[in-house]
Amino acid sequence: MALDTMLAADIEQQLKSMDAAARAQFVLDLVDVVYNYVTSDAVGEEQVSSTESDGLAKVRDAAREHAASAQPSD
């Protein structure tokens, strides 16, 4: 089994036990990690274009909105 398949299966198992708010927060955390990785100068990788980073920023913003809307109201 490939590493990406094993990782996806592990994430899927973790998500099953979470409620909607926890799943939304998990997705936000994951998107934040990816965004921070690809936009970091410390990585030593080729930098992404502004178009790519803008697209990732939009995904991150959407994940933030989703996580905020998934929080239970008091």
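The values are calculated or read from the model by the stated rules, or taken from the named source; none is laboratory data. Small disclaimer: the values here were computed from a predicted structure and weren't measured. In this analysis, Cβ positions are derived from the backbone assuming ideal geometry, glycine residues included, and neighbour counts consider all displayed protein chains.
So Tyr37 ticks every box in (1) surrounded by fewer than 11 Cβ atoms within 10 Å (Cβ to Cβ); (2) at pLDDT 80 or above; (3) of a type in the set (Ser, Thr, Tyr) but one. Which box is left unticked?
Tyr37 satisfies every listed condition except (1).
Say whether the condition of being at pLDDT 85 or above and surrounded by 13 or more Cβ atoms within 10 Å (Cβ to Cβ) is met by at least one residue in region 47-54.
Of region 47-54, the ones at pLDDT 85 or above are 54.
From the residues that got through so far, the ones that are surrounded by 13 or more Cβ atoms within 10 Å (Cβ to Cβ) too are none.
For region 47-54, residues at pLDDT 85 or above and surrounded by 13 or more Cβ atoms within 10 Å (Cβ to Cβ): absent.
State which residue pairs qualify: first residue more than 21 Å from Thr51 (Cβ to Cβ) and among the aromatic types (Phe, Trp, Tyr) and inside region 12-40, second residue at pLDDT below 90 and in a helix (DSSP H, G or I) in any location, beta carbons under 7 Å apart, and separation of 6 or more residues or different chains.
Phe26/Leu15
Within the set of pairs 6+ apart or on separate chains, which have a first residue in region 57-74 that is touching a residue at least 60 places away in the same chain (Cβ under 8 Å) and more than 28 Å from Ser40 (Cβ to Cβ), a second that is surrounded by 11 or more Cβ atoms within 10 Å (Cβ to Cβ) and aliphatic (A, V, I, L, M), and C-beta atoms under 8 Å apart?
No pair meets every condition.
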